[in-house]
Amino acid sequence: HYKKERLRAEAIREIIDLQASGEMDDDKWREICERALQIDGTLNDYQVTDYFDELELRIDRRAHNQSKRYPLLFIEPLDVMVRAVSFGHLGLVMGPYKSGKSLMLIWLALAYCLQKMNVVFVTLEDPRDDVEDRFDAATTAIPVKALRDDPDEVRRKFLMYRRYIRSKLRIVDGTENGMRMVDIEAVVQRERQKGFIADVLIIDYDDEIIPPRKQRERRFEFADIYRDLRQYASRHNSIVWTAAQTQRGTEDKKVVKANTIAEDISKPRKVTMAVSIGQGIWGEQSKHLHVAAHKFDRMGIGCDIKVDFERMIFYDHAATMRA
């Protein structure tokens, strides 16, 4: 209680001094207030375990989590090669401009829903209407341009797909004013109070997340953003995915490596798993998925898949098997 009161008093004095000198702005106001409120989280949130006395607890945990600790991505060639992101960890989709990053994030959202996990999908680049149309095309296998032509067929196929779903998907539109991680977390917490507990958070994409504070260089802002992403995943024991753009000149490459990331090449080092999207060997409707980074499994390996861009299906299983 003393620490909290002391920190609050110091924050008030700092606000008064900045206001008197004319240096106060929204970013500094937000930073000071967040710093003053952090004391509540720093006192009680650390967990300490006795490693040598809790072997049986760890054995029980692994036995109960065997089937759900590493959820599948439903991209069969990739699932066979590596284990994907687990709870409490951060995943990254990398790729050049218009390579299918958003499409892969939509695919991952539906894959987790099919595995009975609640998903929050935050769109910061494309308007909600476009995102909903892509989800409708992916769930009904109807080309996105043809959705308006036969609403009865859309309704029929959507209801068939929904029979397999035992979870919820929330879409958050942050395109108008932008969102910081604290804003995204506030939305998740508000939905939690309504009874919706999110297992997975997917954000499209990292460049549109407003950093918590203004920095001299963009890479320092990304360092703050990815720190917030990792802390959110750990704090809520959630799976978190976002996407990042790679440098120019990677559009025609098959293997897009981790060092081609734009703005901040350290991004792949800050995540648990980074999957890059390159040009596939079977024409325009194919992609090469490369495990650019992985903390707990193999990396530097990849696979080719077929994509159906008209139906917004990132992994076309039948076409991939034929190829």
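FYI, it's all coordinate maths here, none of it is from the lab. Not measured: the values here are computed from a predicted model. All Cβ positions, glycine included, derive from the backbone under ideal geometry; neighbour counts span all protein chains shown.
Of the peptides 157-164, 178-185, the ranking by mean beta-carbon count within 10 Å, highest at the top, reads 178-185, 157-164. When the Cα convex hull of the chain is projected onto planes of every orientation, the mean area is 20.5 nm². Peptide packing for 295-302, 240-247 was compared via the average number of neighbouring C-beta atoms within 10 Å per residue; ordered from the highest value, the list is 240-247, 295-302. With a simple spin-label model that places each label point 7 Å from the Cα along the Cα-to-Cβ direction, the separation between ARG162 and GLN231 comes to 3.9 nm. Applied to the stretch 119-125, the Karplus parametrisation 6.51 cos²θ - 1.76 cosθ + 1.60 on θ = phi - 60° returns per-residue 3J(HN,Hα) values of 10, 10, 10, 9, 9, 10, 10 Hz, with x for Gly and Pro.
Other residues whose C-beta falls under 9 angstrom from the C-beta of THR242 contribute a net charge of -2, scoring Lys and Arg +1 and Asp and Glu -1. Here the gap between ASP252 and GLU284, fully extended at 0.36 nm per residue and compared with their Cα-Cα distance, gives a gain of 10.5 nm. Between GLN115 and ARG219, the contour length at 0.36 nm per residue exceeds the Cα-Cα span by 33.9 nm. Shape summary: the stretch 159-234 maps onto an equivalent ellipsoid whose semi-axes, from the alpha-carbon gyration tensor, are 28, 13, 12 Å in decreasing order. For ASP60 and ASP297, the FRET efficiency from 1/(1 + (r/R0)^6), where r spans their Cβ atoms and R0 equals 22 Å, is about 0.40. Label point 7 Å out from PHE309 along Cα-to-Cβ: which residues of the stretch 73-116 have amide N under 14 Å? Answer for the stretch 73-116: 96-104. When the listed pairs LYS214/LYS257; LYS98/LYS306; LYS157/LYS254; LYS145/LYS253; LYS4/LYS295 are checked against a 27 Å cut-off, the alpha-carbon distance exceeds it for LYS214/LYS257; LYS157/LYS254; LYS145/LYS253; LYS4/LYS295. Net charge in the neighbourhood of GLU10 (other residues with Cβ under 12 Å of its Cβ; Lys, Arg +1, Asp, Glu -1) is +3. Measuring how big the stretch 145-287 is from its alpha-carbon positions, Rg and Dmax come out at 18.5, 54 Å.
Most simply put, the chain has about 35% antiparallel DSSP beta bridges, counting only bridges with both residues inside it. Sequentially through the stretch 306-320, phi angles give Karplus couplings (6.51, -1.76, 1.60; θ = phi - 60°) of 9, 10, 10, 5, 5, 9, 6, 9, 6, 10, 8, 4, 4, 5, 5 Hz, Gly and Pro residues having no value and appearing as x. Computed extension gain for MET24 through ARG155, at 0.36 nm per residue and net of the alpha carbon distance, reaches 41.9 nm. Based on the convex hull around the alpha carbon atoms, the stretch 63-137 presents an average projected area of 6.2 nm². Size descriptors for the stretch 94-219 (Cα atoms only): Rg and Dmax, in that order, 15.9, 54 Å.
The chymotrypsin sites (Phe, Trp or Tyr not before Pro) of the stretch 64-141 that DSSP puts in a loop, and whose beta carbon has at most 16 other beta carbons within 10 Å, are TYR97. Helices meeting the span-like rule in the chain (full DSSP H runs, Cα extent of at least 15 Å along the helix axis, mean Kyte-Doolittle score of -0.5 or higher): 101-114, 181-193.
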